[in-house]
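The values are calculated or read from the model by the stated rules, or taken from the named source; none is laboratory data. These numbers were taken from a predicted model, which means no experiment stands behind them. Every residue, glycine among them, receives a Cβ derived from its backbone with ideal geometry; neighbour counts consider all protein chains shown. Areas reflect the complete protein model, heavy atoms only, side chains present, ligands, DNA and RNA absent. Shrake-Rupley method; radii C 1.70, N 1.55, O 1.52, S 1.80 Å.
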Amino acid sequence: GIIMSLFKGSPLGDLARIRRVRTRRISSYDRTGGNDDRLHIVAGTTVVLADIRGAGCINHIWCTMVCEQPDFLRRVVLRMRWDNEQNYSVEVPIGDFFGVGHAQTTDFVSLPLQMSPANGRAFNCFFPMPFAERALIELTSECEVELLFYYYIDYELHNRIDPDLGRFHAQWRRQNPTDGIPDTGMPNSEWSFGGNNADGAGNYVILEAEGTGHYVGCNLNIHNLRYRDWPSHLEWPVTPDQLQAAPPGMFEAFNWYGEGDDMIFVDGESWPPALHGTGTEDYFNTAWCPAVPYSAPYHGITLPGGPNWSGKISLYRFHIEDPVCFQKSIRVTIEHGHANRRSDDYSSTAYWYQLEPHKPFPPLPPVEARLPRPD
């Protein structure tokens, strides 16, 4: 008993445990025995990737795709439903689902999601996705040309699953741009760091859900829509020592997208919520206005932006060791700049588990409203 207790809760520790399940896979292999191991998806159509009957759990999804359409990763939508529910539990543009927004890819490694070589074009998802009666996975192409799609879905079949297993959910949102305030006639340091937010009402909303479950993380994508030159006499990327020394001209040139506190409201609580953070980079487990790519099992910066944090940024934070549990509802939010003063293009994908039924998602924006802004 003592030895076995040491293994509990560890994937490697439990690897020796023999389980009475049946391992299965659905893939795009060429049914003729040839080498055309992909789906040829006609423009504007939906295909069923998997329709699994019975009880089980999807453990891994891999895919890659080819399309001549620019921004196709926002034009292709991944949808999932569990146990014959009417409403989708997953509805996300496919690039965003696998961890990076802006219809871009880059090599990164986290525990549940990865974009792998070459150039981040191999997508992997290791979120477990249990189901009691049925799992339905669909792919819709809103491209204007053919999409070539290769995939694996690895799963196991059980006689039954435990009733306390939540269903996997993922939802995409965008606010383009966020509702900030003009900086006219205000010193840049005051506009960037001043003001108060004592209710969280104008925060960017990452997730609103009702029911019982736990939030397990998100990716957040920001297109910095404000332009300011970085002073030529200052090095880039900016360093913590440089920030603390505050050389002349730095903070009047600052175009940092962050300073937005995360605020997570659980079960209808009012401001300030029990889960109130201290700034954008702090929620994503980094510090001192980072400007370099980084990936770790539970947090990372996949796209760091350009000089003075210009252009497109993508970050992720997964609550694998510290899920945020809710019994009735959850509202995950973050300020867009301190006191919601910035007007940038925000989009996000939230991931969570909950018992069904779930609150129906807001309608997914049409393809024109999903496409990234030009660089």
Do we find a residue being out of contact with any Phe, Trp or Tyr (no Cβ under 7 Å at 6 or more places or on another chain) and of a type in the set (K, R) anywhere in region 78-89? no
*asked:* Residues that are open to solvent by less than 30 Å² (accessible area, probe 1.4 Å), part of a helix (DSSP H, G or I) and either within 28 Å of N124 (Cα to Cα) or not acidic (D, E) (or both): does region 175-188 have at least one?
replied: yes
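For region 280-289, give me each residue that is crowded, with 18+ Cβ neighbours inside 10 Å and touching a residue at least 40 places away in the same chain (Cβ under 8 Å).
Here is the first cut: in region 280-289, the ones crowded, with 18+ Cβ neighbours inside 10 Å are 280-281, 283-284, 286, 289.
Matches in region 280-289: T280, Y283, F284, C289.
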Inset, instruction - Assess whether E335 counts as being at pLDDT 95 or above, open to solvent by less than 30 Å² (accessible area, probe 1.4 Å) and under 24 Å from W236 (Cβ atoms). - result: no
Conditions (1) modelled with pLDDT of 95 or more; (2) open to solvent by 10 Å² or more (accessible area, probe 1.4 Å); (3) not aromatic (F, W, Y) -> A50 fails only (2)
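Identify all residues within region 11-55 that are on the phi > 0 side of the Ramachandran plot and in contact (Cβ under 8 Å) with a residue 12 or more places away in the chain; write none if there are none. Break it down stepwise before answering.
Pass one, region 11-55, residues on the phi > 0 side of the Ramachandran plot: 33, 44, 54.
Listed by number, the residues that qualify are G44, G54.
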Q) Does I41 satisfy being β-branched (V, I, T), open to solvent by less than 30 Å² (accessible area, probe 1.4 Å) and closer than 30 Å to E210 by Cα? A) no
**Q.** Test: I222 is farther than 30 Å from E269 by Cβ, modelled with pLDDT of 95 or more and β-branched (V, I, T)
**A.** no
If we ask which residues in region 223-267 are closer than 30 Å to S329 by Cβ and either open to solvent by 70 Å² or more (accessible area, probe 1.4 Å) or free of Cβ contacts under 8 Å to residues at least 24 places away in the same chain (or both), their number turns out to be 0
Taking region 8-38 and keeping residues modelled with pLDDT of 95 or more, part of a loop (DSSP other than H, G, I, E, B), under 22 Å from F126 (Cβ atoms) and open to solvent by 80 Å² or more (accessible area, probe 1.4 Å) leaves Y29
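Within region 105-117, can one find any residue that is of a type in the set (S, T, Y), closer than 26 Å to I18 by Cβ, open to solvent by 30 Å² or more (accessible area, probe 1.4 Å) and touching a residue at least 40 places away in the same chain (Cβ under 8 Å)?
Our first condition is that a residue be of a type in the set (S, T, Y); within region 105-117, this holds for 105-106, 110, 116.
Restricting the remaining residues to those that are closer than 26 Å to I18 by Cβ gives none.
Among the residues of region 105-117, not one is of a type in the set (S, T, Y), closer than 26 Å to I18 by Cβ, open to solvent by 30 Å² or more (accessible area, probe 1.4 Å) and touching a residue at least 40 places away in the same chain (Cβ under 8 Å), which makes the answer no.
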Looking across region 65-96 at residues that are among the polar types (S, T, N, Q) and crowded, with 16+ Cβ neighbours inside 10 Å, the single one that is nearest to E210 (Cα to Cα) is S89
Every listed condition ((1) open to solvent by 40 Å² or more (accessible area, probe 1.4 Å); (2) closer than 30 Å to A274 by Cβ; (3) part of a strand (DSSP E or B); (4) not aromatic (F, W, Y)) holds for H169 save (1)
Of the residues in region 346-375 that are open to solvent by 10 Å² or more (accessible area, probe 1.4 Å) and outside any loop (DSSP other than H, G, I, E, B), the one that is nearest to I206 (Cα to Cα) is Y353
